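Shown next, in structure tokens, is the structure this report addresses.
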Amino acid sequence: MKLFKESSIEVMLAWRNVWKNKRRTILTLLTIMVGCSMIIFFRATQDGSYEKMIEDSIAANTGHIQIHEKGFWDNQSIDYAFIPGEPLQSYLDKNSGIAATSRRVHAAGLVSFKNNTFGTLIQAVEPEREKKVSTLHTTIKPGGRYLTPDDGMRIIIGATLAKNLDAKVGDSIAMISQGFDGSIAAGNFEIVGIFRTLNPRYDQALIIMPMAQAVETFTMMGYLTSIVVRVKNTSDMEKTRDEIRALPESERLEVMGWDELTPELIQAIVMDKLFGYIFYFILLLITAFGVLNTVQMSVFERTRELGIMMAIGTRPRQIVTMVLFESMFISLMGVLLGAAVGSGLGYYFYIHPFDFSGYQKELEQFAMVTTVFPAKLTVSNVVFTSLLTFLFGVLFSIAPARRAAKLNPLKAIRQL
Amino acid sequence: MEIITIKSLIKNYDGEGLEVHALRGIDLSVRRGEFTAIAGPSGSGKTTLLNLIGGLDIPTDGTLTVAGNNLAGMSAKELSDMRLNSIGFIFQAYNLIPVLTALENVEYILLLQGVGKSERRDRSRRILKEVGLAKEIDRRPKELSGGQQQRVAVARAIVSEPELVLADEPTANLDQKTGAGLLDLMHDLNHKKNITFLFSTHDRMVMEYAERLISLTDGMIASDKKKKSLKESAEKKLKKQR
């Protein structure tokens, strides 16, 4: 309060000085507003698209957490199968943060139809439980269907694989792989559905069969290669993963979060964020230089006035305070406008996301599976960006403020 | 009692490799309540002398005591405080803070001195009334004429009742009638409040108003004359001109 009282004259002078040259002030406000709003908006689109990409990746097939026998993830072999112990099963059944779990068996194999043979990744699932952890069942093309637990020798396959095999729903394809006990696992399987996901790799190589049949075909004897966990809130993934890791039997298991399961996605996000930060830094610099220029010009124009103020007893500290308050007012107003405009834009594109569905094929070439990008506006984005823009503006004004305070009153008064 | 005591004051400047001797040994005393003009042609050193007295410049040599303060060795902050509390300044033109009204410009000094709001307002209004600007208190400098602006500057210079007012060519940008009005005002204030006024000028009229006229030539005092009531003769002259 005392500080405010002491600064009241500087505050009043600063406020009036800000509006002394309205045009310049408005232009500076616009510069800050554009800089701040662009950063808020771009960060909102980045955050939104990352979240969507992660959600799409998790929802399609990965799940939030996967539990495997140690070594499975690197080798992707049926040899790394395990039977979950009671503590793990109990934790997965009773944890209120877990939305659903599904058990899977993975095996590599070959499929053949007509004269076409391709390598494939076979994934056995519990159809009803799988529907709760992945969205793959929603991507079945018309004319086909998803699996049921009683489907036996029936499978669904990726659209690209079906096309490469020249197979359609109703056709039987030959599949050969290796069983858990080292025996040959082979058979003819009828295609009941063809899926087209947002992930070209799934469409190209994935075959899904019912778990009950896989137990028989691959001689699994109660073993499985992974348990897929979907948590209720993505943000709870790390906590749940760490709790599973803390279970005694997890010593022989690998418990992986979605970030470890999709490292290429994380790398892409990290790179994108890095470029984003460079871009934001440049925007902040441009904005701050706008403020610096205005304050510098304002001080330069008032050299004589400042000289007279100092001559009649205004202390240098008061001059610094006054000039800094000027930049604070300009920065604050610009930041408030920027926060409002940036938030407005962010909200609009949250309601009306960027939709690149029409360019899906082109995006697939760049391994991009997500085509709809909603913006995600967060309080931290708005507050942090506004604060940073404000601080840059004020920090860049320290130099002209100090220069003003160091003016020699006598020389300053002589200037016209 | 002396308010200004100057002994052997020398001021040299470095001017593009050549040393300029602005003041070459000034000895001077000014008593409280004097109405003094320092006259002389351009470059004679009158503004330099005023700036040194006001603590805006540092002498090369000599001693300078103003309002009991020996200026030698005073820090910038101490000089600033001395200017705030003991000296009122009136400059040639563009004296005022443009974003403040006439009242606020006058109040500014009191605010810097930490005077409370109501007292500040009362004193500022009163002084503006005294200088004939009761109706213009809410106007900003650009809404005032040159003469009115200088009156506000006078009001600001005396509102804190300083011991000394330094006025550097206060009438230089005013017409004769307005200048005379301003000088009347300052002369009255000098008499009523016993404030010491020290002018630098080459305006004939100011010299005539002054009760003491110090002439400078080439940085030295050429003459120092005390007069009585020259204002009256000036008024007579002005009446004739009108």
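Each residue in the stretch B:98-135 was checked for being more than 14 Å from chain A (Cβ to nearest Cβ), open to solvent by 20 Å² or more (accessible area, probe 1.4 Å) and among the hydrophobic types (A, V, I, L, M, F, W, C), and 1 of them qualify. The helices (runs of 4 or more DSSP H) falling completely within the stretch A:1-103 that include 2 or more residues that are more than 14 Å from every other protein chain (Cβ to nearest Cβ) and among the charged types (D, E, K, R) map to A:22-57, A:86-94. None of B:A72, B:A67, B:A76 is within 14 Å of chain A (Cβ to nearest Cβ), over 30 Å from B:D188 (Cβ atoms) and not β-branched (V, I, T) except B:A76. Only a single criterion out of (1) assigned to a loop (DSSP other than H, G, I, E, B); (2) open to solvent by less than 30 Å² (accessible area, probe 1.4 Å); (3) at pLDDT 90 or above is not satisfied by B:A167, namely (1). The combined condition, being more than 14 Å from every other protein chain (Cβ to nearest Cβ) and touching a residue at least 40 places away in the same chain (Cβ under 8 Å), is not fulfilled by A:D355.
Taking the criterion of being surrounded by fewer than 22 Cβ atoms within 10 Å (Cβ to Cβ) and either within 13 Å of chain B (Cβ to nearest Cβ) or aromatic (F, W, Y) (or both), the only residue of the stretch A:322-335 that qualifies is A:F329.
Candidates in the stretch A:188-228 are the residues that are over 16 Å from A:Q123 (Cβ atoms) and assigned to a strand (DSSP E or B); of these, the one that is least open to solvent (accessible area, probe 1.4 Å) is A:E190.
Which residue out of A:T262, A:T314, A:T303, A:T294 is under 29 Å from A:M38 (Cα atoms) and among the polar types (S, T, N, Q)? Spell out the reasoning first.
Details: A:T262 fails: under 29 Å from A:M38 (Cα atoms); A:T314 fails: under 29 Å from A:M38 (Cα atoms); A:T303 fails: under 29 Å from A:M38 (Cα atoms).
That would be A:T294, the only listed residue that is under 29 Å from A:M38 (Cα atoms) and among the polar types (S, T, N, Q).
In the stretch B:1-63, counting only strands (runs of 3 or more DSSP E) that sit wholly within it, the ones holding 2 or more residues that are open to solvent by 10 Å² or more (accessible area, probe 1.4 Å) and in contact (Cβ under 8 Å) with a residue 40 or more places away in the chain span B:2-15, B:18-31. Note on the stretch B:216-230: residues that are touching a Gly at 6+ places or on another chain (Cβ under 9 Å), open to solvent by 30 Å² or more (accessible area, probe 1.4 Å) and either among the small types (G, A, S) or at pLDDT below 85 (or both) amount to 1. Of all residues in the stretch B:59-73, those that are over 17 Å from B:E2 (Cα atoms) and at pLDDT below 90 total 2.
The values are calculated or read from the model by the stated rules, or taken from the named source; none is laboratory data. Since the model is a prediction, treat every value here as computed from it, not as a measurement. Cβ coordinates were reconstructed from backbone atoms using ideal geometry, including for glycine residues, and neighbour counts include every protein chain displayed. Ligands, DNA and RNA are excluded from the accessible area calculation, which covers all protein heavy atoms including side chains. Shrake-Rupley method; radii C 1.70, N 1.55, O 1.52, S 1.80 Å.
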